Structures are given as C-alpha cells and as structure tokens.
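J.: Provided herewith is a single structure, encoded as structure tokens, for subsequent inquiry.
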Amino acid sequence: MPDPLDLLEIDSLFSQEELEIRGAVREFVRERVLPDIGDWFERGQFPKEMAKELGALGLLGMHLSGYGALGANAVSYGLACLELEAGDSGFRSFVSVQGSLCMFPIWKYGSEEQKERFLPKMAAGELIGCFGLTEPDFGSDPSRMRTRAEKRDGKWILNGTKMWITNGGIADIAIVWANTEEGVRGFLVPTDAEGFSANDIHRKLSLRASVTSELVLENVERSDADVLPGVTGMKGPLSCLSEARYGIVWGAMGAARACLESALEYSKTRVQFGKPIAAFQLTQEKLANMAVELEKGTLLALHLGRMKDEGRLRPEDVSMGKLNNVREALAIAREARTILGASGITLEYPVIRHMNNLESVLTYEGTSEIHTLVIGQALTGERAFD
Ligand SMILES: Cc1cc2nc3c(=O)[nH]c(=O)nc-3n(C[C@H](O)[C@H](O)[C@H](O)COP(=O)(O)OP(=O)(O)OC[C@H]3O[C@@H](n4cnc5c(N)ncnc54)[C@H](O)[C@@H]3O)c2cc1C
C-alpha cells in the first residue's frame with residue numbers, strides 16, 4: 001500500500017541526511033509537542049523551557065554555519081519547519097523568529113564581536129530573540145516606520161512602538177529596526193534595557209501557543225556596538241523576512257498534512273448511513289483534492305529549497321511559495337474541518353487549531369495580497385503597491 005500522505009513518493013527525492021533530520025524532528029514533535037499542545041493552545045501559552053530542547057536538537061538557526069549553528073542545508077531546514085508546524089504553527093514560528101529573523105541578521109550583518117556574543121547562546125536556546133519591525137500604524141508598509149534612533153552625545157537614543165512581535169514578552173534580546181538619518185538600521189536591544197517594555201497581546205484566537213507582544217521604547221540608550229554594522233535601509237529587515245518566509249512555505253504543508261491525516265483517519269471510522277463516511281464520493285473528492293494540493297505544495301517547497309541550496313532563490317520565488325502554500329493549507333484545514341463534522345470544532349482534534357493558526361500565517365511575513373503584488377511586479381514590471 002502506498003503511503004496515503006505521500007502518494008507521489010516525494011520522500012524518494014530527499015537525501016538520507018535530510019530524512020534523518022526530518023525523522024528526529026518528527027519524533028520530537030510526537031513526544032514533546034503533541035501530548036500537550038491542545039492545553040498550551042487553550043491556555044494561550046508557549047512553553048519557554050522548550051527553547052533549550054529545540055536548541056539541543058540543533059533547530060535554532062540550523063541553516064546557518066559556525067557559532068554553534070548546525071550548518072544544515074535549506075531543504076533540511078524546510079523539513080524541520082514542516083514537522084514543527086505539523087505539531088503547531090507556534091513552534092515553527094518560534095524557530096523561524098529565533099533562527100531566520102534574529103540569528104540570521106546578526107550572522108549576516110553583525111560584527112565579529114556581536115556574532116560571538118549572541119549566536120552560540122541563541123543556537124543553544126539560552127538566549128531568546130524577537131524581531132521588531134511592524135508598528136501599530138505600519139504593517140504591510142514598514143518603510144514608513146515611526147521608530148527613530150537619534151545620535152546624541154555619542155549615544156543612540158531609540159523611541160517608538162513595535163506591534164505584533166512574536167516572542168516579545170519572553171525575549172532576552174530584541175532586534176529593533178529604526179529610522180536614522182542614514183536610513184533604517186538594526187539595533188540590538190536587551191529587553192532589560194532602561195526604557196524598554198513588552199506588553200503581551202491577549203485574547204488572540206490564532207497562534208495561541210505563541211507569545212505576541214507590543215514593544216515600547218522610551219529613550220532607550222544604545223552604543224555604536226549595538227548597531228548591526230553590515231546593513232542600512234529596508235534591505236536589512238526584508239532579507240530576514242525572505243529567510244523566514246522560506247520556512248513558512250514548508251511549514252504550511254506541515255499543518256496541511258496534519259489536517260489531512262486527521263480527516264482521513266476520522267473518515268474511515270465515522271459511520272453514517274450504515275457505512276464509513278470515507279466511502280462516500282463527496283468525502284473522497286474532498287480527500288483527493290486535499291492530497292493533490294498537499295503533494296503539489298510539498299513539491300513546490302522542495303523546488304524552492306533546492307534553488308536556495310544552489311544560491312539562486314529570489315524573493316519573488318519565495319512569494320510564490322508562501323502565497324500558494326498558505327492559501328492551500330488553509331483550504332485543506334477548512335475542508336478537513338467539514339469532514340470531522342461537529343468534532344472538528346474542538347481541540348480534541350488538531351484541525352481547528354491549525355485552521356486558526358493559519359489565519360495568522362496568511363497575514364504575517366507579508367500578507368497574501370502583498371505576495372500577490374510581488375508576483376504581479378515580477379510578471380509585468382509594474383509596481384502596484386502604492
Ligand atoms: C501572530 C502574529 C505574529 C507576528 N509576528 C511579528 C513579528 O515577530 N515581528 C514583526 O515585525 N511583525 C510581526 N507580525 C506583524 C505582521 O507582519 C503584520 O501583521 C503584517 O505585515 C500585516 O500588517 P497589518 O496587520 O498591519 O495589516 P495592514 O498592513 O494594515 O493590512 C491590512 C489589509 O490591507 C491589505 N493591504 C495593505 N496594503 C495593501 C496594498 N498595497 N494593496 C492591497 N492590499 C493591501 C493587506 O494585505 C491586509 O489584507 C505578526 C503578526 C501576527 C498576526
């Protein structure tokens with residue numbers, strides 16, 4: 001019997017090492033995430049203590065090299081994101097923020113001293129990072145940010161508010177993007193710095209097993225040693241987002257796979273009108289469409305992963321992957337929900353949790369509309385953002 005979750009045998013396209021990394025993450029999710037994720041989601045908690053376990057597995061900044069990072073290839077990183085998100089988008093978000101949004105800019109644009117000071121501890125999960133770009137009034141259009149850093153008496157003084165920041169309330173270090181006279185710069189701000197505060201956002205109905213916060217900076221003082229020296233302008237934060245979006249292309253397929261698996265299992269055991277609902281043509285149509293989109297999305301992720309490993313992945317390619325895979329993962333989750341009937345609305349099954357999580361994934365790291373415009377510009381040469 002072919003594996004119903006891999007009818008096309010996509011597994012045969014991965015190397016032994018990639019499959020081993022995937023196996024280790026899958027086991028971690030089965031042992032450490034799945035037993036408690038419903039409770040964490042319900043209580044609105046991310047188990048911060050898991051950071052060190054994720055670090056010990058080599059998952060933090062795993063596609064970077066040196067400074068305690070694993071140095072895995074992009075496909076392995078993608079597979080890890082897929083397996084983590086099959087557990088919960090909150091775990092994949094934690095790993096994306098730590099590795100792609102916080103460690104990556106230090107690794108790419110930081111001084112040698114900054115790299116040595118932060119990266120090994122971040123790779124081990126001993127130091128948690130957050131990435132502050134979005135502001136209350138500037139989401140899709142972050143270049144108009146109000147957060148400012150001004151040089152006074154040789155010190156940088158930062159003022160502003162960042163919004164919707166993953167890990168904000170549990171972070172030790174914030175990468176804050178602020179406007180300066182020279183353009184946007186990245187600042188390393190310890191969260192115990194005077195004038196810095198984080199307020200967690202409550203009453204979320206999506207990504208509940210993840211901390212999301214507002215960051216407030218009131219006359220926070222920093223020195224030149226706390227500025228990322230290697231980049232000025234929006235290229236800095238945008239290049240980090242491209243890294244993290246790449247992980248989402250894979251991660252979304254993890255949430256989709258978990259939903260298909262749950263719906264498939266349920267459909268074989270739930271009996272109505274004297275037979276399993278899996279035996280009805282309408283249910284099979286739903287399952288078949290879900291399987292087709294899961295396989296197509298996984299192939300797309302793999303194609304982008306191989307391009308990234310060959311150093312030829314462009315931001316518009318990542319936009320295509322994020323737009324398609326998150327859209328299709330959401331469609332799969334919604335369809336799976338219908339197969340589970342009333343049971344599908346409870347946390348006894350993973351489906352509605354994934355479905356709600358994917359609403360955040362659709363919006364963060366560039367909304368589906370913004371990725372559509374990126375692809376539109378690549379197609380036509382016309383910029384339709386403003
Ligand atoms: C759970 C969660 C975690 C997050 N974590 C982080 C984080 O760690 N760090 C961080 O910096 N940010 C984070 N974000 C913020 C996220 O990146 C923003 O929410 C996102 O960029 C969209 O911004 P917005 O919510 O302000 O929506 P807006 O930009 O106000 O958009 C509202 C709507 O208008 C549409 N729109 C905007 N401009 C255009 C246009 N030109 N043409 C057509 N439609 C348009 C959008 O697509 C959207 O549908 C997070 C968000 C969430 C929900």
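The values are calculated or read from the model by the stated rules, or taken from the named source; none is laboratory data. Quantities reported herein were computed from a predicted structural model and do not represent experimental measurements. In this analysis, Cβ positions are derived from the backbone assuming ideal geometry, glycine residues included, and neighbour counts consider all displayed protein chains.
J.: Please pick out the residue among LEU13, LEU19, LEU59, LEU34 that is surrounded by 17 or more Cβ atoms within 10 Å (Cβ to Cβ) and either of a type in the set (A, V, I, L, M) or touching a Pro at 6+ places or on another chain (Cβ under 8 Å) (or both).
T.: Exactly one of LEU13, LEU19, LEU59, LEU34 is surrounded by 17 or more Cβ atoms within 10 Å (Cβ to Cβ) and either of a type in the set (A, V, I, L, M) or touching a Pro at 6+ places or on another chain (Cβ under 8 Å) (or both), namely LEU59.
J.: Follow-up question, since we're still on this one. Within segment 295-310, can you find the residues that are farther than 16 Å from SER76 by Cβ and either among the basic types (Lys, Arg) or surrounded by fewer than 21 Cβ atoms within 10 Å (Cβ to Cβ) (or both)?
T.: GLU295, LYS296, LEU299, LEU300
J.: Let me ask you something else. Could you list, in sequence order, all residues of segment 125-180 that are of a type in the set (A, V, I, L, M, F, W, C) and free of Cβ contacts under 8 Å to residues at least 24 places away in the same chain?
T.: The answer is PHE138, and nothing else.
J.: Here's a follow-up. What's the number of the only condition in (1) assigned to a loop (DSSP other than H, G, I, E, B); (2) under 30 Å from LEU313 (Cβ atoms); (3) of a type outside the set (Lys, Arg) that SER242 fails to meet?
T.: All conditions are met except number (1).
Condition check ((1) assigned to a loop (DSSP other than H, G, I, E, B); (2) surrounded by 15 or more Cβ atoms within 10 Å (Cβ to Cβ); (3) away from the ligand (no atom under 12 Å from the Cβ)) across all residues:
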{"site": "SER213", "(1), (2), (3)": "no, yes, no"}
{"site": "ALA225", "(1), (2), (3)": "no, no, yes"}
{"site": "VAL231", "(1), (2), (3)": "yes, yes, yes"}
{"site": "GLY247", "(1), (2), (3)": "no, yes, yes"}
{"site": "ALA252", "(1), (2), (3)": "no, yes, yes"}
{"site": "LEU260", "(1), (2), (3)": "no, yes, yes"}
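J.: Looking for whichever is outside any strand (DSSP E or B), surrounded by fewer than 24 Cβ atoms within 10 Å (Cβ to Cβ) and at pLDDT 95 or above here; the options are ARG92, ARG117. Which one fits?
T.: Testing whether each residue is outside any strand (DSSP E or B), surrounded by fewer than 24 Cβ atoms within 10 Å (Cβ to Cβ) and at pLDDT 95 or above leaves just ARG117.
J.: Is it the case, given these coordinates, that GLY186 is touching a residue at least 12 places away in the same chain (Cβ under 8 Å), in contact with a helix residue (DSSP H, G or I) (Cβ under 8 Å, 6 or more places away or on another chain), under 20 Å from LEU101 (Cα atoms) and within 16 Å of the ligand (Cβ to nearest atom)?
T.: Yes: the conditions hold for GLY186.
J.: Within segment 334-386, count every residue that is buried (at least 19 other Cβ atoms within 10 Å of the Cβ) and more than 16 Å from the ligand (Cβ to nearest atom).
T.: Counting residues in segment 334-386 that are buried (at least 19 other Cβ atoms within 10 Å of the Cβ) and more than 16 Å from the ligand (Cβ to nearest atom) gives 10.
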